[in-house]
């Protein structure tokens, strides 16, 4: 079924079992207590799951290249032993693994940060020291030494990180390289740094060792590489001794989303396809490839020789095994939300996954067969309830899942209709399959009460009843103009051409996104997406930037909040800027410090910083939080029942599927 994806790739001195690379991720495991032991289990499970080649998170070749103080590095023989834990674990499962060598350059969060020129990154508060020629030579040698140490530690190869705006990328482009010596100026000088690194690494490790070079094929920043320069560098990197070229898309400071949910599946494969035929070594494409059919289509289209999937292996360690066994409908699909992976990493926490709380916690969270079978009722089939029910049933319990609506999914049924969040439907599909596979007894259109639960003979009761939109105490709140977010997203009630949204948290932003689009989402069409975000697919200038051309909003939207400060400040650490930029492009009016006076036929009467005004709107949509549905909890406890609250019914302050699924998973592991 996936003929190309599952076919081997001959590298000459070794063969990869299929065309899937597990791309590099900063999991923070290497920095955690007992982290290398935990990382060994994490990577081994992915190797057992039949991924052909794994690439570790970035390991620095020296202290200047650290992500942060005391971050992972490989600089001496004493550090080899802990890496051998990882390589042995992967090899014992029949896998192959490369170590990524990453020097952050001006992106490092520490006071030793260096760069080709002393230009501070817009996403960092440390100003880099300009590297001397001696620094450059020493750093090249550090890369070579690091690669040799990786070989001695048992790695099958290394990936030289040359993209995403890190040190090597900083040397290549005029944006960050203002040098006038032999390492700056003409492109031939600027590209010497990566070429010398790859040459030196190949000399040090010999022929039978994989060298992947992560090439920035699309910088997405002003004064980035031209296409001609990208091709020129690719050819020189091949000559220097690279085995494979991997694709890098966008700098971390680029203002184009490249891996978040709104990006179309396989949305940047066209870049790698453009490089096909320019070099004679295999090319890997990457970004938003999350299912075997997406990978197969890209490979069949001749866009790459291999595909890189990183976060999809957080979501499901057995993704490739399920592809081999034709069980794609059982894959727990990555929804690219970034909430438990990138947001954790940039917050200094160990990485995990919203849809798979066990990711990176394999030594702590397991769902072993139960020795004490129980009869369990789970009330509510939203994310928390679905996770609790399916994991408990997988362990061998008899589970009854009750849902008052006609379908499972809960709040995800609203999320999946937001433009750019279509992937959330995949989680509902996955849990539907797990309900079927593990024999959960599903009761739809069933509203349970205390008497029913007490009469059911249940040993455990889980209330995952979720939340309901919070009603506000504003004069006129019962006016026909007023709707709540659930009525719009779930009940499909119509909204007029002028609309005010009360509440600018995550729900308010989602509602604004929903109302600011008309027709099919740009997330479903590569060309529409690139046009909306200003990516020039013809690559007419360096960086491939062009002015964004979003489709105009079909409505005039006012996004209101009581508090001061900028809108969306509490959104995801790595995705909040995307939501703010998207609404700005749609010309959504964002008002802060708003007091709501009343609602009448004229519209919404407000006071903004002491100025009274009337928003003459057709509708007011309330997105101002929610309240927990937990009516039966205390009554069931009083009746002596073992009852647990998970998800929104436990904490309703903000819709948080990550916490909901994590709570449910931890409960299921211990029940």
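Coordinate-derived values only; no laboratory data. What you see is a predicted model; the values in this text were computed from it and never measured. With ideal geometry, Cβ positions are generated from the backbone for all residues, glycine too; neighbour counts draw on all protein chains shown.
Using Cα pairs closer than 8 Å and at least 6 residues apart in sequence, work out the relative contact order for segment 127-221, in percent. Don't jump to the answer; show the numbers that get you there.
Details: 97 pairs, mean separation 35.7, N = 95.
RCO, segment 127-221: 38 percent.
Contour minus end-to-end for residue 527 and residue 371, with contour as 0.36 nm per residue of separation and end-to-end as the Cα-Cα distance? List each step's numbers first, then the result.
On the way: separation 156, 0.36 × 156 = 56.16 nm, distance 5.39 nm.
The span from residue 527 to residue 371 would gain 50.8 nm if fully extended.
What is the spin-label model distance, in nm, from residue 616 to residue 537 if the labels are put 7 Å beyond Cα along the C-beta direction?
Result: 4.2 nm between the two label points.
Starting from the Cα of residue 598, step 7 Å along the direction of its Cβ; do the same at residue 443; then give the gap between the two resulting points in nm.
Calculated label separation equals 4.8 nm.
Go ahead and run the numbers for FRET between residue 607 and residue 70, Cβ-Cβ distance against an R0 of 51 Å, rounding to 0.05.
On the way: r = 51 Å, r/R0 = 0.99.
Computed FRET efficiency for residue 607 and residue 70: 0.50.
Would you kindly state how much longer the chain becomes between residue 239 and residue 253 on full extension, computed as 0.36 nm times their sequence separation minus their alpha carbon distance, in nm to one decimal? Let's see the in-between values first.
Details: separation 14, 0.36 × 14 = 5.04 nm, distance 3.03 nm.
Using 0.36 nm per residue and subtracting the Cα-Cα distance, I get 2.0 nm.
Arrange the following residues from fewest to most other Cβ atoms within 10 Å of their Cβ: 134, 536, 156. Walk me through the numbers before you get to the answer.
Values: 134 8, 536 16, 156 21.
Listing 134, 536, 156 from fewest to most nearby Cβ atoms yields 134, 536, 156.
In terms of the Cα gyration tensor, with a ≥ b ≥ c the square roots of its eigenvalues, is the chain rounded because a/c is under 1.5, prolate because a/b exceeds b/c, or oblate?
Oblate, because a/c is 1.5 or more while a/b does not exceed b/c.
Once both axes come from the Cα atoms, what is the angle between helix 35-48 and the longest principal axis of the chain, in degrees from 0 to 90, rounded to 10?
Approximately 90 degrees, to the nearest ten.
Could you compute the FRET efficiency for residue 223 and residue 77, with r as their C-beta to C-beta distance and R0 at 45 Å, rounded to 0.05? Please list the in-between numbers first.
Details: r = 41 Å, r/R0 = 0.91.
The value I calculate is 0.65.
Rounded if a/c is under 1.5, else prolate if a/b beats b/c, else oblate: with a ≥ b ≥ c from the C-alpha gyration tensor eigenvalues square-rooted, which is segment 25-84?
It is prolate, given that a/c is not under 1.5 and a/b is the larger ratio.
Could you list the residues of segment 620-645 with an amide nitrogen less than 16 Å from a label point located 7 Å from the Cα of residue 454 in the Cα-to-C-beta direction?
Counting backbone N atoms under 16 Å from the label point, the list is 631-643.
For the residue pair residue 364 and residue 126, what label-to-label distance in nm results when each label sits 7 Å from Cα along the Cα-to-beta-carbon direction?
Going by the 7 Å Cα→Cβ label model, 2.6 nm.
Can you tell me how segment 9-346 classifies by the Cα gyration tensor, rounded, prolate or oblate, using a/c under 1.5 as the rounded cut?
On the way: a/c = 1.44, a/b = 1.27, b/c = 1.13.
Rounded, since a/c falls under 1.5.
By how many degrees, 0 to 90 and rounded to 10, does the Cα axis of helix 576-585 deviate from the longest principal axis of the chain?
Between the helix axis and the principal axis of the chain, the angle is about 80 degrees.
How much mean residue ellipticity at 222 nm does the chain get from its helices, if each DSSP H run of length 4 or more adds -39500 (n - 2.57) and you divide by all residues, to the nearest 500 deg cm²/dmol? Walk me through the intermediate numbers first.
On the way: 22 runs with 206 residues, N = 671.
After summing the helix terms and dividing by the residues of the chain, the value is -9000 deg cm²/dmol.
Specify the angular offset, from 0 to 90 degrees and rounded to the nearest 10, of the alpha carbon long axis of helix 192-205 from the longest principal axis of the alpha carbons in the chain.
Roughly 80 degrees, rounded to the nearest 10.
What list do you get for 293, 219 if you sort them by fewest beta carbons within 10 Å? Could the numbers behind the result be given before it?
Working: 293 14, 219 28.
Result, fewest neighbours first: 293, 219.
What order do you get for 161, 414 when you list them from fewest to most C-beta neighbours inside 10 Å? Each step should come with its number before you reach the end.
Values: 161 26, 414 22.
Starting with the residue having the fewest Cβ neighbours, the order is 414, 161.
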